[in-house]
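Here is the structure we will look at.
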Amino acid sequence: VSPNNGFKQDFVSNSNVVDISDWRTTKKSASIILQNVARAINNEPDIILFGCNSQFYYDLIPLLNTDVKIIDLIHAFSGPKGSEYYSLPCVHRFYKRIVLGEKTKNDFKKLYEENETPSKFLENLTIIPNKVDAPKTIPFKNYSGKLNILFVARNSDEKRPGLVLRVTELASDLKLPVNFLIIGDFESLKGKVRQNVTVIGEVTDRELLKSYYL
């Protein structure tokens, strides 16, 4: 479940959206929803199912017909309790598994080896690199002053915000001429960071975000 509705309107304008996040109040209700969703999918021909970092998604897969093509997306590993571990029983069902780069691909290779998962399933891994739109103009940079370092991400383990905060602390201790700007759902950090850090918070306006990139 997404922590906010930042991109919900984009989905609504291009698809039929059914939000089930409020229905899963108990294990029984979650089980009923899983069965109903699986039944609806199984009744449709030529289904391609796409999911990402969702336990509901991985719980749904065993209930689906074998002719349902299942595509999974995991950009990066998030830890011992992350989706990469929870999804292990479903590996044999993935038609494709999309990752961000060679690092995550190698992480899966190690994970499969440690859990005695057949290496043939590594063939389903497909790398699609992440990207942002680069500005068409190159702004003037003044390198004589303090260096501004921008961190843009959502507040989740695979983005390693703890590592970024540790870097800001070391930079502060070393009195380096560096300022850090953090964009994302990091409001909880406000008032808890060093003076060399500015927590901007979420930015949903694309033009404003571009201005920070510039």
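The values are calculated or read from the model by the stated rules, or taken from the named source; none is laboratory data. Note that this is a predicted model, so its numbers are computed, not measured. In this analysis, Cβ positions are derived from the backbone assuming ideal geometry, glycine residues included, and neighbour counts consider all displayed protein chains. Ligands, DNA and RNA are stripped out before the accessible areas are found, and what is left, the full protein with its side chains, is counted by its heavy atoms. Shrake-Rupley method; radii C 1.70, N 1.55, O 1.52, S 1.80 Å.
Can you give me the C-alpha center-to-center distance between the range 10-66 and the range 69-136, rounded to a whole angstrom?
20
Relative contact order for the range 48-200 using alpha-carbon pairs under 8 Å, separation at least 6, rounded to a whole percent?
17
Around ILE70, which amide H atoms from residues at least 5 apart in sequence, or from another chain, sit under 5 Å from its own amide H, with H modelled in the peptide plane?
So ILE70 has HN proximity to LEU49, TYR95, LYS96.
Add -39500 (n - 2.57) for each DSSP H run of 4 or more in the chain, then divide by its residues: what number comes out at 222 nm, to the nearest 500 deg cm²/dmol?
The helix contribution divided over the chain gives -8500 deg cm²/dmol.
So what are the radius of gyration and Dmax for the Cα set of the range 115-214, in Å?
Values for the range 115-214 (Cα only, Rg and Dmax): 17.7, 55 Å.
For the range 155-196, taking Cα atoms only, what is the radius of gyration to one decimal and the Dmax to the nearest whole Å?
10.5, 28
With a ≥ b ≥ c taken as the square roots of the eigenvalues of the C-alpha gyration tensor of the range 1-141, please select rounded if a/c is under 1.5 and otherwise prolate if a/b is larger than b/c or oblate if it is not?
oblate
Relative to 2.2 N^0.38 Å, what does the C-alpha radius of gyration of the range 72-155 come to as a ratio? Two decimals please.
After normalising by residue count via 2.2 N^0.38 Å, the value is 1.52.
Normalised by the residues of the range 133-190, what does the relative contact order come to in percent, with Cα pairs under 8 Å and at least six apart?
Contact order relative to length: 49 percent.
Out of the total accessible area of the range 22-113 (probe 1.4 Å, heavy atoms of protein only), what percent is carbon and sulfur?
Accessible surface attributable to carbon and sulfur in the range 22-113 totals 55 percent.
Just to confirm, what accessible area per residue do you get for the chain at 1.4 Å probe, in whole Å²?
Counting only protein heavy atoms, the per-residue value for the chain is 70 Å².
Using a simple charge model, +1 on the beta-carbon of Lys and Arg, -1 on the beta-carbon of Asp and Glu, nothing else, what dipole does the chain show about its Cα centre, in debye to the nearest 20?
Computed about the Cα centre, the dipole is about 560 debye.
What is the Rg over Rh value, at two decimals, for the range 8-61, using alpha-carbon atoms and the Kirkwood definition of Rh?
Reported Rg/Rh, Kirkwood definition of Rh: 0.97.
Within 10 Å of each candidate Cβ there may be at most 15 other Cβ atoms; applying that plus a DSSP loop requirement, which GluC sites (Glu not before Pro) in the range 42-145 survive?
Sparse-neighbourhood loop GluC sites (Glu not before Pro): GLU116.
Under a 5 Å amide H to amide H cut-off, with H placed in plane at 1.01 Å, what residues pair with VAL197 once short-range neighbours are removed?
The answer is PHE180.
I need the trypsin sites (Lys or Arg not before Pro) found in the range 78-124, filtered to DSSP loop residues with at most 11 other beta carbons within 10 Å of theirs.
Taking the range 78-124 and a limit of 11 other Cβ atoms within 10 Å, the loop trypsin sites (Lys or Arg not before Pro) found are LYS81.
On C-alpha positions alone, give me the angle between the axis of helix 27-42 and the longest principal axis of the chain, in degrees, nearest 10.
Result, in degrees: 70.
Given H placed on each backbone N at 1.01 Å, which residues far from SER78 in sequence or on other chains put an amide H within less than 5 Å of it?
It is SER83, GLU84, by chain and number.
Which whole-Hz ³J(HN,Hα) couplings does the range 166-179 yield from phi under the Karplus relation 6.51 cos²θ - 1.76 cosθ + 1.60, θ = phi - 60°, glycine and proline marked x?
Calculated HN-Hα couplings, in order: 5, 5, 5, 5, 5, 4, 5, 4, 7, 6, 6, x, 9, 10 Hz.
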